[in-house]
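Presented below is the structure to which this report refers.
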Amino acid sequence: VQLQASGGGLVQAGGSLRLSCAASGRTIRAYAVGWFRQAPGREREFVAALDQIGGLTNYADSVKGRFTTSRDNAKNTVYLQMSSLKAEDTAVYYCAADQDSALSVVAGSYDYWGQGTQVTVSS
């Protein structure tokens with residue numbers, strides 16, 4: 001499966017953005033999907049994950065209550081709705097697909113990765 005993340009941009013603190021992760025090659029229904037982010041000079045960190053059906057989720061403590069991930073299997077797309085954005089949310093955001101459904105927080109557990117989309121939050 002190939003993944004393409006999009007929807008990033010520049011937003012003021014307190015604002016919102018919705019990222020999309022579009023799949024091609026195979027149906028995204030077969031995969032759990034995770035979101036990760038990487039800021040300059042920092043390790044890639046887990047943000048959120050969603051199971052194949054969309055009934056189970058896992059969020060990093062830093063984004064709980066502000067970010068929501070969902071999926072539309074008919075559109076072969078997974079979303080990350082980000083609200084109440086903070087300057088510390090600034091990073092390149094990646095989506096990744098996992099053939100298992102462990103909702104893992106470990107980047108190495110994921111089998112396929114998109115190219116990343118830049119999110120910049122100005123304070």
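The values are calculated or read from the model by the stated rules, or taken from the named source; none is laboratory data. Just so we're clear, the structure is a prediction, and the values are computed from it rather than from any experiment. As a convention, Cβ positions derive from the backbone with ideal geometry for all residues, glycine included, and neighbour counts pool all protein chains shown. All accessible areas refer to the heavy atoms of the entire protein, side chains included, with ligands and DNA or RNA removed. Shrake-Rupley method; radii C 1.70, N 1.55, O 1.52, S 1.80 Å.
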Task: Some residue of region 61-75 being hydroxyl-bearing (Ser, Thr, Tyr), touching a residue at least 60 places away in the same chain (Cβ under 8 Å) and part of a strand (DSSP E or B) - done: no
Open item on the list: Return the residues of region 76-91 that are open to solvent by less than 60 Å² (accessible area, probe 1.4 Å), over 16 Å from Arg37 (Cα atoms) and not in a strand (DSSP E or B); say none if nothing qualifies.
Closed with: Asn76
Open item on the list: The conditions are (1) aliphatic (A, V, I, L, M); (2) modelled with pLDDT of 95 or more; (3) in contact with a helix residue (DSSP H, G or I) (Cβ under 8 Å, 6 or more places away or on another chain); (4) open to solvent by 30 Å² or more (accessible area, probe 1.4 Å), and Ala102 fails exactly one of them. Which is it?
Closed with: (2)
Task: Selection count, region 9-59, where residues are assigned to a loop (DSSP other than H, G, I, E, B) and open to solvent by 30 Å² or more (accessible area, probe 1.4 Å) - done: 16
TODO: Kindly indicate whether any position in region 21-33 is modelled with pLDDT of 95 or more and under 14 Å from Thr120 (Cα atoms).
DONE: no
